[in-house]
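Derivation of every value follows stated rules applied to the coordinates shown; laboratory data play no part. Just so it is clear, the model here is predicted, and its values are computed rather than measured. Every residue, glycine as well, gets a Cβ built from its backbone with ideal geometry; the counts of neighbours run over all protein chains shown.
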Amino acid sequence: MVDEKFLLSGDILFIDSIGRPDLAGKAEDWVADLRETLYKRYKELSEELIVLPAHFMMIDELNDNGSVAEKLGILFAKNHGLNIEDENEFSKMVTENLPPQPNAYQEIRQTNMGKIDPDIEQQQEMEIGPNRCAVR
């Protein structure tokens with residue numbers, strides 16, 4: 001949280017989708033943690049928090065001004081991934097509806113961990129392609 005006004009949700013909560021727990025190859029192990037964070041931890045936060053995800057899955061998630069942001073309360077009302085009551089159904093949705101991993105996923109992980117230092121051209125190449133960090 002930033003200034004008790006913004007929630008930087010990274011790759012766990014998007015405007016119209018939720019994060020995928022499989023990118024480290026541990027979907028079955030981490031799906032319960034994902035649900036705990038989304039359905040319990042985030043539920044305790046103010047609905048007025050403005051959620052700022054790391055990116056978006058579809059163009060309709062952009063606001064008229066080009067920003068990617070929405071109040072947490074609105075996401076709890078409209079985001080399908082936040083409205084699956086049954087834990088087994090949630091687990092099934094998250095683990096069985098996964099798009100292919102991002103094109104350069106392994107290189108992106110290595111970069112994020114500081115294990116490799118790609119030049120600017122390599123970095124741009126890693127960013128090309130669809131956002132595949134979400135499940136819907």
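Quick look at the values:
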| quantity | calculated |
| --- | --- |
| Share, in percent, of DSSP beta bridges within the chain that are antiparallel, nearest 5 | 60 |
| Relative contact order of segment 6-135, defined on C-alpha pairs under 8 angstrom at six or more residues apart (%) | 33 |
| Pair Asp60, Glu44: separation of 7 Å Cα→Cβ label points (nm) | 3.4 |
| Residues of type lysines that Lys43 reaches as a straight line, Cα spacing below 29 Å, ignoring anything fewer than 8 places off in the same chain | Lys5, Lys26, Lys71, Lys78, Lys92 |
| Residue-count net charge about Glu48 - beta-carbon cut-off 15 Å; Lys, Arg +1, Asp, Glu -1 | -2 |
| Rg and Dmax [Cα atoms of the chain; Å; Rg one decimal, Dmax integer] | 15.4, 45 |
